[in-house]
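> What follows is a single structure, and I will ask about it in a moment.
The values are calculated or read from the model by the stated rules, or taken from the named source; none is laboratory data. Just so it is clear, the structure is predicted and the values come from calculations on it, not from any experiment. Methodologically, a virtual Cβ is constructed for each residue, glycine included, from the backbone with ideal geometry; neighbour enumeration extends over all protein chains shown. Quick note on the areas: whole protein, heavy atoms, side chains included, nothing else; ligands and nucleic acids left out. Shrake-Rupley method; radii C 1.70, N 1.55, O 1.52, S 1.80 Å.
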Amino acid sequence: MDKAEFVELIKKRTKQLALDSIKLNDKIKKTDSSRVIGRQLIRSSTSVAANYRAACIARSKKEFFSKISIVVEEADETFFWLEMLRDAHFASTEELTPLINESLEILKIVSKARKNAGSN
């Protein structure tokens, strides 16, 4: 897989994580707490996808580093909100595990990209 294919794959994965987070939020029982956590999850997961796309069209290395840093932060936040949904028992483990695993994988990938960009 070349770099362009990899970039497109990560674009698709971040977008799918955002879509899956939206779908999950629509499924969970609505309480005051679950609404707050669900909204936060949607905000952070859609931010991962949007900012990754922005990083891909960055005009400079400095701009790329800035955008990919936002992606790392939002990916970590997405992971956090998914853990909160799990730990508060707002969604089943079966529903959450694939999203938690994907958010962690994306976090590792974009963290590595930021580290590589920072060392260049």
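> Just to confirm, what accessible area per residue do you get for segment 36-118 at 1.4 Å probe, in whole Å²?
Normalised by residue count, the accessible surface of segment 36-118 is 55 Å².
> A further question follows. Once R0 is set to 22 Å, what does the formula 1/(1 + (r/R0)^6) return for the Cβ-Cβ distance between A54 and S119, expressed as a FRET efficiency to the nearest 0.05?
0.55
> Could you tell me the accessible area of E94 in Å² (1.4 Å probe, neighbours in place), rounded to the nearest ten?
E94 exposes around 150 Å² with every protein chain in place.
> Further, regarding this structure: Could you sort 111-119, 34-42, 13-21, 77-85 so that the peptide with the highest average Cβ count within 10 Å comes first and the rest follow in order?
Descending packing order for the listed peptides: 77-85, 13-21, 34-42, 111-119.
> Positive end of the dipole of the chain, charges at C-beta (+1 Lys, Arg; -1 Asp, Glu), about the Cα centre: which of S44, A113, A75 has its Cα farthest in that direction?
The residue sitting most towards the positive pole is A113.
> Treating the angle as unsigned and between 0 and 90°, give the value, to the nearest 10°, between the Cα long axis of helix 93-119 and the longest Cα principal axis of the chain.
The two axes meet at around 20 degrees.
> What's the magnitude of the charge dipole for the chain around its Cα centre, counting Lys and Arg as +1 and Asp and Glu as -1 at the beta-carbon? Answer in Debye, nearest 20.
Taking the Cα centre of the chain as origin, the dipole is about 480 debye.
> Applying 1/(1 + (r/R0)^6) with R0 = 41 Å to the Cβ-Cβ distance of M1 and K29, what FRET efficiency is obtained, to the nearest 0.05?
Once rounded, the FRET efficiency stands at 0.50.
> Please give the direction-averaged projected area of the C-alpha convex hull for segment 2-111, in square nanometres with one decimal.
Computing the convex hull of the Cα atoms and averaging its projections yields 6.5 nm².
> A follow-up question, please. Two decimals is fine: what's Rg over Rh for segment 12-71, C-alpha atoms, Kirkwood radius as Rh?
The Rg/Rh ratio comes out at 1.13.
> If I fit a long axis through the Cα atoms of helix 32-56 and take the longest principal axis of the Cα atoms of the chain, what angle between them do I get, 0 to 90°, rounded to 10?
Orientation of helix 32-56: about 20 degrees from the principal axis.
> Now, a different point. Where does helix 3-27 land angle-wise versus the long Cα axis of the chain, in degrees 0 to 90, nearest 10?
20
> Pairs of Cα atoms under 8 Å, at least six residues apart: use those to get the relative contact order of the chain, whole percent.
Relative contact order, the chain: 28 percent.
> Another question about this same structure. Suppose R0 equals 30 Å; then what is the FRET efficiency for E8 and T97 from their Cβ-Cβ distance, rounded to the nearest 0.05?
FRET efficiency, E8 to T97: 0.70.
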